[in-house]
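Trainee: A single structure is presented below for examination.
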Amino acid sequence: MKAYKNLDEINLDLKRLSLERQIALEEMKGLKTEVRHDLRPYNWIHTALSMAKEYGVIYLVRKVFR
């Protein structure tokens, strides 16, 4: 626990903590928007197609070498 010597130190820490809280809230807002964007159906389709393409290439390589 921090020991304060005067009221100015307390006020300074309170101000710093308040600013840190505001920064964290803004970061959460940004993450919310990012998650909303990632959960759109277009992104699901894109992810599914890229996975299918990757496994398709692996399948073709295995077929060629067998």
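Trainee: Only one of (1) assigned to a loop (DSSP other than H, G, I, E, B); (2) among the charged types (D, E, K, R); (3) modelled with pLDDT of 90 or more fails for GLU9. Which number is that?
Mentor: (1)
Trainee: Here's another thing I want to ask about it. I'm trying to understand the selection: among the residues of the range 16-47, which are charged (D, E, K, R) and within 14 Å of the chain's Cα centre (by Cα)?
Mentor: Filtering the range 16-47 for residues charged (D, E, K, R) gives 16, 20-21, 26-27, 29, 32, 34, 36, 38, 40.
Residues satisfying the conditions are GLU26, GLU27, LYS29, LYS32, GLU34, ARG36, ASP38.
Trainee: Now for a separate question. Considering each residue of the range 34-66, count those that are open to solvent by less than 80 Å² (accessible area, probe 1.4 Å) and touching a helix residue (DSSP H, G or I) at 6+ places or on another chain (Cβ under 8 Å), and give that number.
Mentor: Final tally of qualifying residues: 1.
Trainee: Further question: Could you tell me which of the residues LYS63, LYS53, LYS15 is at negative phi, among the basic types (Lys, Arg) and modelled with pLDDT of 85 or more?
Mentor: Values: LYS63 fails: modelled with pLDDT of 85 or more; LYS53 fails: modelled with pLDDT of 85 or more.
The match here is LYS15.
Trainee: In the set LEU19, LEU14, which member is open to solvent by 100 Å² or more (accessible area, probe 1.4 Å) and assigned to a helix (DSSP H, G or I)? I'd like the intermediate steps shown before the answer.
Mentor: Numbers: LEU19 fails: open to solvent by 100 Å² or more (accessible area, probe 1.4 Å).
It is LEU14.
The values are calculated or read from the model by the stated rules, or taken from the named source; none is laboratory data. Quick caveat: nothing in here was measured; it's all calculated off a predicted structure. Note: ideal-geometry Cβ built from the backbone for every residue, glycine included; neighbour counts use all protein chains shown. These accessible areas exclude ligands, DNA and RNA; they are computed on the full protein's heavy atoms, side chains included. Shrake-Rupley method; radii C 1.70, N 1.55, O 1.52, S 1.80 Å.
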